[in-house]
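*Asks:* If you scroll down you'll find the structure; I have some questions about it.
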Amino acid sequence: MTIYQSLAVEDRPNRIGARTERVEDEALLRGLGRYGDDVATAPGTLHATVVRSPHAHARILSLNTEKALAMQGVHGVLTGADVARWTAPFAVGVRQPMEHWCVAIDKVRYAGEPVCVVIADNRYLAEDAADAIEVEYETLPVSVDPETAIEDTAPVLHEAVGSNVVNERHFRYGEPEQAFEQAPFRVSLKVKYPRSACTPMECYVVLAHYQSASGTYDVLSNFQGPYALHSVMARALKVSGNCLRLRTPPDSGGSFGIKQGVFPYIVMMGLASRKVGAPVKWVEDRLEHLQAASSATNRVTEIEAAVEPDGRVTALRYDQIDDCGAYLRAPEPATFYRMHGNLTGAYGIRHLLVRNRVVLTNKTPTGLNRGFGGPQVYFALERLMQRIAVELDLDPLEVIRRNLIPAGVFPYQAPAGALLDSGDYPAAVGQAVVDGGLAELLRRRDDARAEGRLYGIGYAAVVEPSISNMGYITAAMTPEERRKAGPKNGAVSTATITVGPLGDVSVHVSSTPQGQGHQTVVAQVVAEVLGVAFASIRVNVELDTQKDAWSIASGNYSSRFAGAVAGTVYRAAVAIRDRMALIAAGQLGVQAEAVRFADGKVFAEGANPMPFHRLAGAAHWAPATLPEHEGGGLRETAFWSPPELTAPGDDDRINSSLCYGFIFDFCGLEIDRVTGEIRLDRYVTMHDAGRLLNPALVDGQVRGAFAQGFGAALMEEFAYGSDGSFLSGTLADYLIPTAPEVIEPVILHMETPSPFTPLGAKGAGEGNNMSTPVCIANAVADALGCDDIRLPLTPSRVRGLIGIDEPEAPEHLKQSAEAPAIPGGSTLQASGSVSIPASPEQVFDSLLDPAVLAVIIPGCHQLELEGENSYCADVTIGVGLIRARFQARVKLSDLEPPHSLCLSGSGNSPMGSAQGRARIRLSSLEDGGTRLDYQYDAAVGGKIAAVGGRMLQGASRVIIGQIFSRLSQQVGGVAPQAGLWLRLKAWLNALISKGDES
Amino acid sequence: MEAVVKPRTVVQFELNGRARQGYAESRTQLCDFLRHETGATGVHVGCEHGVCGACTVLVDGKAVRSCLMLAVQVQGSRVETVESLADEDLMSDLQQAFRRHHALQCGFCTAGILMSCVDYLEREPEPTETQVRDMLSGHLCRCTGYTGIVRAVLDVAHERKTQQENNNNV
């Protein structure tokens, strides 16, 4: 293949390689972007809200929509029964008897799983009605931790599978056993990579209109691809592909992989529209997004290397467990296989042993997330390289250098099948060390350490794959299963160029950008090939599956734009140019090869230049004058799939991506000995992404990916409680880096063109998501001399690594050392006492009186006797910004009149579930009153725990306080005396009576 | 459950220099009202709990989060959104600087950031980089890593100062 030879960039503004300003920006800066929620809706469009499970694992006993349906403005409720009637479960990449539907049918398997959809005149009314939906659940034991979930005794999510391990594969390349046997050293490490997500600022949007006359689902959504999922959606809807018309809006507010996960909602809202016979719009809110959209896959890895005394690694062994959440949602288990071919990273390691297990747990399903699979692999591999250096007492940079694939061997086939296209890794490392000023950082570390400060330096060498092989996911199957299923491979890109009758140039690509600036780069490529003004080119990036050229690989993922899509644009432009050259040749009386396109004109030596628009016009206005075989009109659609992306072989080797860029990062950081805070001193990142089509945009990608990698390293984690409650439910709980935290990385480039892409470009958008977390972790390991590094490295976690014990909590805030009686997402324990001006007998009897109970429970609308000392109550409780109406059961037990009793309760609401138990003791006071001591345990799950976590302790105190204050009023007609006053009074009494203090 | 007709109020206010009015329930958020009732879709809703800053607008010249205000609260007020910053031909110096410094990618957070910067530069015309970063801490951007935004704001402050000095010298 010929590689495009770029000219000197400074002479060629707005051409390939120039730092062109973006054509996208003006509309976005003026507030005139058209995102999903800005697109015009048809008259009569209704709005949907999703009712979600508060439980991580439960059987749905009943679903009552009656009250909701009776409310004003409510048009319908889509339930699991509708979904079971109209759809099929989503197809998955592994053969297992498990079913995933867009709405839960009989069981929920993660907190936040959709249980029904309420459709009303507007979103406010839909949410009102959602509160009136009554769901009865029978909660089930949960599996939350992946290492526990693989055990035989763990609660199983999908009973028909019989285990939570839904896929297991073993791979062997070279002679790994022999290499390990012969190795003088073995170094191993166990790491855990947490769940986090790149959380785009715009959440999911779906606008669906079911056309009952044609049985077509017409849907607009900010879906990002891969369009292989279009087939998954059509299959689920039980329609042919052309009966699911899927369109994207002109603009998208970021995605980073996450908007792949909107696809079940596309199906859901299509059905919602069908249910009510009107267009339906759904705009996901941030609370839903954090809890139930998607995330990176958390992974547990045991990694081991066979090592020579000089640090050279001869063999690697991976044992990986991926926790994909409650359902294996397509394209999972792709987190494993996206990286499979290049599991040996940037190193010339020839022997490899891999065990991959996919486990399902009661958590939100995982999916694409920028860096997809990369941070998980490199966190293990690059932490291991650092450990090898420590254990063998070598310089970690030397260990990396001695293992790098040498220059001059590309294309290089890695043992698991990656065909590394191009690069010069040692030169890139060498250049980064010099230009990034490593020597200075090493000096700073010496100085800092001499002063007793904690300073560390970390390194990471990473191969960044781009342009995924659509067949890599079949590596999850055995060769026999693959033979049965038929081969899958390649990755088809499309581009369409139209030259209009006025000589205007329009381009369409099916890359569904989410803010990267594809329109700008496409226009640069076309302007270069056709020699027309950059500003005159219009690039449309909306995708309409019914009208545009697309294929299953279409979409915005695996950094495929620069290498594949821009390359395909180049091929389409060349095809148009060749046709126009033939037309021009006839008119100018020259050979087609002699025709040149530049400055909006067409040239040939010895002929007068012709304006481009005049030549283009001939194809439209005077087709009879065209050469033979030229049909007239000017439109070319190019399809391109690289031949190097072959299907996995029987030897399980898979070239999982077309291009492999190289990244070498190092950083210096200092850790505050007291606070545990990490301050990045400098971060250097060297990239070889082949030919750069627009270096300004590449730098923008690097900065953005770096900031996300920085967040993953230091701040971000989707946390779950032991009962599967989601605990990171607001942006105040899930911390994202802001401007004061993020530093400016030193960005360096090298350009080794790819021989496999039309323009020599490779992807560059995901590298730092892969390299930055582990580079920072290695620096922390270096600063503290420890090996067990867990992300995110929050100040409290770092203090733990430094060995600082947290000071004891003040007496009144102490939690009991015993494990809470009730396990849960947010568990609360506290105790207190009040004095009540009535006798213990009166107090005790009051507590048994339903009329009193109804009055003293705050927010109690109704209390009905169910059995002896057990009641059914309707209670509204507010915690922070959440207010929910609970259907509660209240029970009094362990009655020992008038000394003690136990008050317990449990309740469910659309906002979550709660259960609690209070032990109450009554004792007489000298003044004839009663001292009431209480001690309670409570557990809260669902949305309340997710978004109100920080307020729960305080809120529960207030609520308990209210209960006894009201009790006091009921019994004695006055407010109770608080504990402090009680003590003060006792002390005063003692003082006055000069008696002994008790 | 009883059918309740929610009472709606006519909210009269000034939007981007023009007198406007629209209907709002007492519970309608300002951001929803601006977007759906007046068509100011440049106001973006990112979190609806006051953290991300995407919905920032100016109310009587002050930057506020429109997700944390009710529509009825702007009765009689002056509201400015991102749509007010450019005239038909020319974007403001701040908008141009954002383009020059590649300070946006998906652009979803940008409108809110621009509005905060407009307010801030009025109050602090010569900020340091630390001050700018501090001001931006009320906004979340997932695409850019903030570098371009910080540079754009500092650049505009510098440009305005130079312009001011030139004007004074004339």
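The values are calculated or read from the model by the stated rules, or taken from the named source; none is laboratory data. In this text, all values refer to a predicted model and were calculated from it rather than measured experimentally. Quick reminder, even Gly has a Cβ in these numbers, built from the backbone with ideal geometry, and neighbours come from all protein chains shown. Ligands, DNA and RNA are stripped out before the accessible areas are found, and what is left, the full protein with its side chains, is counted by its heavy atoms. Shrake-Rupley method; radii C 1.70, N 1.55, O 1.52, S 1.80 Å.
*Asks:* Would you be able to tell me the number of residues in the range A:732-749 that are open to solvent by 50 Å² or more (accessible area, probe 1.4 Å), touching a residue at least 24 places away in the same chain (Cβ under 8 Å) and facing another protein chain (nearest Cβ under 10 Å)?
*Replies:* Of the residues in that region, 3 qualify.
*Asks:* Among the candidates A:ARG653, A:ARG673, A:ARG679, which residue alone is without any contact (Cβ under 8 Å) to a residue 40 or more places away in the chain and of a type in the set (Lys, Arg)?
*Replies:* Values: A:ARG653 fails: without any contact (Cβ under 8 Å) to a residue 40 or more places away in the chain; A:ARG673 fails: without any contact (Cβ under 8 Å) to a residue 40 or more places away in the chain.
When all the criteria are applied, what remains is A:ARG679.
*Asks:* Let me ask something else. Can we say B:GLU83 is under 15 Å from the mean Cα position of the chain (by Cα), open to solvent by 10 Å² or more (accessible area, probe 1.4 Å) and within 7 Å of another protein chain (Cβ to nearest Cβ)? Spell out the reasoning first.
*Replies:* Working: under 15 Å from the mean Cα position of the chain (by Cα): yes; open to solvent by 10 Å² or more (accessible area, probe 1.4 Å): yes; within 7 Å of another protein chain (Cβ to nearest Cβ): yes.
When the stated conditions are applied, B:GLU83 passes them.
*Asks:* A follow-up question, please. Which of the residues spanning the range A:40-77 are over 30 Å from A:GLY941 (Cβ atoms), in a loop (DSSP other than H, G, I, E, B) and open to solvent by 40 Å² or more (accessible area, probe 1.4 Å)? Give the steps one after another, and end with the answer.
*Replies:* From the range A:40-77, those over 30 Å from A:GLY941 (Cβ atoms) are A:40-46, A:72-73, A:75; that's our starting set.
When the remaining residues are screened for being in a loop (DSSP other than H, G, I, E, B), the result is A:40-45, A:72-73.
Matches in the range A:40-77: A:ALA40, A:THR41, A:ALA42, A:PRO43, A:GLY44, A:GLN72.
*Asks:* Tell me, please, whether a residue that is under 28 Å from the mean Cα position of the chain (by Cα) and touching a residue at least 60 places away in the same chain (Cβ under 8 Å) can be found in the range A:566-575.
*Replies:* As a first pass, look at the range A:566-575 and keep what is under 28 Å from the mean Cα position of the chain (by Cα): A:566.
Remaining after also requiring touching a residue at least 60 places away in the same chain (Cβ under 8 Å): A:566.
Within the range A:566-575, one or more residues are under 28 Å from the mean Cα position of the chain (by Cα) and touching a residue at least 60 places away in the same chain (Cβ under 8 Å).
*Asks:* Another one. So which of A:TYR412, A:TYR425 is outside the structural domain of A:VAL108 (by TED's automatic domain parsing), within 21 Å of A:VAL313 (Cβ to Cβ) and surrounded by 24 or more Cβ atoms within 10 Å (Cβ to Cβ)? Even if it seems obvious, please write down each step before you answer.
*Replies:* Values: A:TYR412 fails: surrounded by 24 or more Cβ atoms within 10 Å (Cβ to Cβ).
Only one candidate passes the filter, namely A:TYR425.
*Asks:* So, in the range A:941-966, exactly how many residues are within 14 Å of another protein chain (Cβ to nearest Cβ) and either of a type outside the set (D, E, K, R) or surrounded by 17 or more Cβ atoms within 10 Å (Cβ to Cβ) (or both)? So that I can check it myself, show each step before the final result.
*Replies:* Start the filter on the range A:941-966 by keeping residues that are within 14 Å of another protein chain (Cβ to nearest Cβ), which leaves A:943, A:946-951.
Among the residues that remain, those that are also either of a type outside the set (D, E, K, R) or surrounded by 17 or more Cβ atoms within 10 Å (Cβ to Cβ) (or both) are: A:943, A:946-949, A:951.
The qualifying residues number 6.
*Asks:* Residues that are surrounded by fewer than 24 Cβ atoms within 10 Å (Cβ to Cβ) and in a helix (DSSP H, G or I): does the range A:492-507 have at least one?
*Replies:* No, the range A:492-507 contains no residue that is surrounded by fewer than 24 Cβ atoms within 10 Å (Cβ to Cβ) and in a helix (DSSP H, G or I).
*Asks:* Might you let me know whether the range A:337-354 holds any residue that is crowded, with 24+ Cβ neighbours inside 10 Å and part of a strand (DSSP E or B)?
*Replies:* No, the conditions are met nowhere in the range A:337-354.
*Asks:* Which one of the conditions (1) free of Cβ contacts under 8 Å to residues at least 60 places away in the same chain; (2) surrounded by fewer than 17 Cβ atoms within 10 Å (Cβ to Cβ) does A:ARG596 fail to meet, given that it meets all the rest?
*Replies:* Unmet for A:ARG596, out of (1) free of Cβ contacts under 8 Å to residues at least 60 places away in the same chain; (2) surrounded by fewer than 17 Cβ atoms within 10 Å (Cβ to Cβ): (1).
*Asks:* Now a separate question. Based on what the data block shows, is B:GLU88 farther than 23 Å from A:GLU26 by Cβ, open to solvent by 20 Å² or more (accessible area, probe 1.4 Å) and charged (D, E, K, R)? Break it down into steps so the answer makes sense when it comes.
*Replies:* Details: farther than 23 Å from A:GLU26 by Cβ: no; open to solvent by 20 Å² or more (accessible area, probe 1.4 Å): yes; charged (D, E, K, R): yes.
So B:GLU88 fails the test.
*Asks:* Another one. Mind counting the residues in the range B:101-115 that are more than 7 Å from chain A (Cβ to nearest Cβ) and over 16 Å from the mean Cα position of the chain (by Cα)?
*Replies:* Here the count works out to 1.
*Asks:* Can you pull out every residue in the range A:725-742 that is under 20 Å from A:ASN769 (Cβ atoms), under 18 Å from the mean Cα position of the chain (by Cα) and not aromatic (Phe, Trp, Tyr)?
*Replies:* Going residue by residue through the range A:725-742, those that are under 20 Å from A:ASN769 (Cβ atoms) are A:728, A:731, A:734-739, A:741-742.
Going one step further and asking which of them are under 18 Å from the mean Cα position of the chain (by Cα), we end up with A:728, A:731, A:734-737.
Scanning the range A:725-742 gives A:SER728, A:LEU731, A:LEU735, A:ILE736, A:PRO737.
*Asks:* Applying the selection to the range A:900-922, what residues are touching a helix residue (DSSP H, G or I) at 6+ places or on another chain (Cβ under 7 Å) and not hydrophobic (A, V, I, L, M, F, W, C)?
*Replies:* A:PRO910, A:GLY912
*Asks:* Then there's this: Has the range A:671-681 got any residue that is closer than 30 Å to B:ALA152 by Cα and not charged (D, E, K, R)? Even if it seems obvious, please write down each step before you answer.
*Replies:* Of the range A:671-681, the ones closer than 30 Å to B:ALA152 by Cα are A:677-681.
Keeping just the survivors that are not charged (D, E, K, R) gives A:678, A:680.
Scanning the range A:671-681 turns up at least one residue that is closer than 30 Å to B:ALA152 by Cα and not charged (D, E, K, R).
*Asks:* Which one is nearest to the other protein chains (Cβ to nearest Cβ) among residues in the range A:83-96 that are touching a Lys or Arg at 6+ places or on another chain (Cβ under 8 Å) and crowded, with 20+ Cβ neighbours inside 10 Å? Give the steps one after another, and end with the answer.
*Replies:* First pass over the range A:83-96, keeping only residues touching a Lys or Arg at 6+ places or on another chain (Cβ under 8 Å): A:86-88, A:90-92.
From what's left, crowded, with 20+ Cβ neighbours inside 10 Å: A:87, A:90, A:92.
Numbers: A:THR87: 30, A:PHE90: 28, A:VAL92: 29 Å.
The extreme case among them is A:PHE90.
*Asks:* Might you check whether a residue that is assigned to a helix (DSSP H, G or I) and touching a helix residue (DSSP H, G or I) at 6+ places or on another chain (Cβ under 6 Å) occurs anywhere in the range A:202-223? Outline the logic, then answer.
*Replies:* Restricting attention to the range A:202-223, the residues satisfying the condition of being assigned to a helix (DSSP H, G or I) are none.
No: zero hits.
*Asks:* Moving on. Name the one entry in B:VAL74, B:VAL51 that is closer than 23 Å to B:HIS139 by Cβ, surrounded by 15 or more Cβ atoms within 10 Å (Cβ to Cβ) and away from chain A (no Cβ under 12 Å).
*Replies:* Numbers: B:VAL51 fails: away from chain A (no Cβ under 12 Å).
None of the other options fit; the residue is B:VAL74.
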